[in-house]
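The values are calculated or read from the model by the stated rules, or taken from the named source; none is laboratory data. This one's a predicted model, so the numbers in the text were calculated from it and none came from an experiment. As a convention, Cβ positions derive from the backbone with ideal geometry for all residues, glycine included, and neighbour counts pool all protein chains shown. The accessibility values were calculated without ligands, DNA or RNA, using every heavy atom of the protein model including side chains. Shrake-Rupley method; radii C 1.70, N 1.55, O 1.52, S 1.80 Å.
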Amino acid sequence: MEEKLKLIWENFEKRVSDIQNVKDLNDLKSDILGKKSELNALLKAIGQASKEDRPKFGQMINEQRQKIQKKIADVQNELETRALNKKLKEETIDITLPGHKVNLGHSHVLSQTLSDVENIFISMGFQVVNGPEIETDYYNFEALNIPKDHPARDTQDTFYINDNLLLRTQTSPMQIHVMENQKPPIRIIAPGRVYRSDTVDATHSPIFHQVEGLVIDKNITMGNLKWTLQEFAKKLYGENTKIRLRPHHFQFTEPSCEIDVTCFKCQGKGCPMCKDEGFIEILGAGMVHPNVLRNCNIDPEVYSGFAFGLGLERLAMFKFNIDDMRLFYKNDTRFLSQF
Ligand code: DAH
């Protein structure tokens, strides 16, 4: 018996030392301890031994079995630890490697410019309002003192949805919306997208942005207009900026003017940017026409006001020395990231 057990143990030890994985270990386990194993055969054969020997043999076989089970458990543990270590090693993260660069965006140069404009006017007590981009003929033209067939419409052709609905050509219709809904005193700016049937080039786009301004109260004069826009120009382009008013014509203001600012490239000396003028035009303005006030049920004998409209792209082009408007819309990050 001892001899047989010794052989079984030696055979087991030899095989167990070669084990590389859990499957082989399980195969070995069933070979050595299973129903068809030699150990089991020995156990069955105990009956043939003498009565005195039986308990001794039984104990010897059991001890052998326990020894084998313990060894198998040890090897299994070792295999599992080895597998875990291997996995940990493979999945190690090298925290010294540089990470993926996250490109952070920022607001578009036009949004930045608009935000500057808004903040300047907000600091002077203006309210920012928004309105529809699809307008009726009445708001876009008629109420602004531009009747059907008036030549002032010629420069403002647009996309007509039907005879009455169109994509607004200017933010000026916001003057009407505000005066219809608010009692004076009124002090608003209305930024937004406008549309015109223009061919794309360096200074034209069928879609661009304007900021409208409107002030209505008692005793508002051209002096208020001039001071407000002088302050605006200084805050936007610097303390030394001067403005110049040139007479002009708009249907919805009387008198009307265009406003120029000192060329910030040459400080007024004259350069290619300002075409040797020393000044650059930035907006249109004027005193609100009595007809427009009347259209909104505001008595021109009691109230007066001024309005202005500026092109946002133009403002940004001058501020940042950009010579082609198309750059704003191309989404080329090499351009956009500069601002
Ligand atoms: N709406 C005019 C345009 O698009 C700009 C303008 C001029 C607006 C004079 C005004 C203004 O409010 O008073 O050409």
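Observations on the structure shown:
- The one condition from (1) within 11 Å of the ligand (Cβ to nearest atom); (2) not in a helix (DSSP H, G or I) that LEU225 does not meet is (2).
- The one condition in (1) touching a Lys or Arg at 6+ places or on another chain (Cβ under 8 Å); (2) among the aliphatic types (A, V, I, L, M); (3) surrounded by 14 or more Cβ atoms within 10 Å (Cβ to Cβ) that ILE134 fails to fulfil: (3)
- In the set LEU43, LEU84, LEU79, LEU88, only one residue is in contact with a helix residue (DSSP H, G or I) (Cβ under 8 Å, 6 or more places away or on another chain), of a type outside the set (Lys, Arg) and open to solvent by 60 Å² or more (accessible area, probe 1.4 Å); that residue is LEU43.
- The residues of the range 175-207 that are buried (at least 20 other Cβ atoms within 10 Å of the Cβ) and over 23 Å from SER123 (Cα atoms), listed by number, are ILE176, VAL194, TYR195.
- Contact map, the range 48-66: residues that are under 19 Å from ILE8 (Cα atoms) paired with residues that are among the small types (Gly, Ala, Ser), Cβ distance under 6 Å, separation 6+ or inter-chain. Pairs shown: PHE57/ALA49.
- Flag for GLY309 being open to solvent by 40 Å² or more (accessible area, probe 1.4 Å), under 23 Å from ASN119 (Cα atoms) and of a type in the set (Gly, Ala, Ser): no
- For ASN140, the criteria (1) touching a residue at least 40 places away in the same chain (Cβ under 8 Å); (2) in contact with a helix residue (DSSP H, G or I) (Cβ under 9 Å, 6 or more places away or on another chain) hold in every case but one, which is (1).
- Residue in the range 137-160 that is farthest from PHE308 (Cα to Cα), counting only those that are among the acidic types (Asp, Glu) and either open to solvent by 40 Å² or more (accessible area, probe 1.4 Å) or more than 16 Å from the ligand (Cβ to nearest atom) (or both): ASP149
- Of all residues in the range 161-173 being open to solvent by 10 Å² or more (accessible area, probe 1.4 Å) and in contact with an Asp or Glu (Cβ under 9 Å, 6 or more places away or on another chain), the one that is farthest from the ligand (Cβ to nearest atom): ASP163
- The lone criterion from (1) at pLDDT 95 or above; (2) within 15 Å of the ligand (Cβ to nearest atom); (3) surrounded by fewer than 21 Cβ atoms within 10 Å (Cβ to Cβ) left unmet by GLU281 is number (1).
- Within the range 115-137, if we keep just the residues that are in contact with a helix residue (DSSP H, G or I) (Cβ under 6 Å, 6 or more places away or on another chain) and not β-branched (Val, Ile, Thr), the residue that is nearest to HIS209 (Cα to Cα) turns out to be GLY131.
- Residues that are within 21 Å of ILE220 (Cβ to Cβ) and away from the ligand (no atom under 13 Å from the Cβ) within the range 187-201 comprise just one, ARG187.
- Matching residues, the range 204-224, being more than 26 Å from the chain's Cα centre (by Cα) and over 19 Å from LEU114 (Cβ atoms): HIS204, VAL215, ILE216, ASP217, LYS218, ASN219, ILE220, THR221, MET222, GLY223, ASN224
- Every listed requirement among (1) in contact with a helix residue (DSSP H, G or I) (Cβ under 7 Å, 6 or more places away or on another chain); (2) among the aliphatic types (A, V, I, L, M); (3) over 16 Å from GLU2 (Cα atoms) is met by LEU97 save one, (1).
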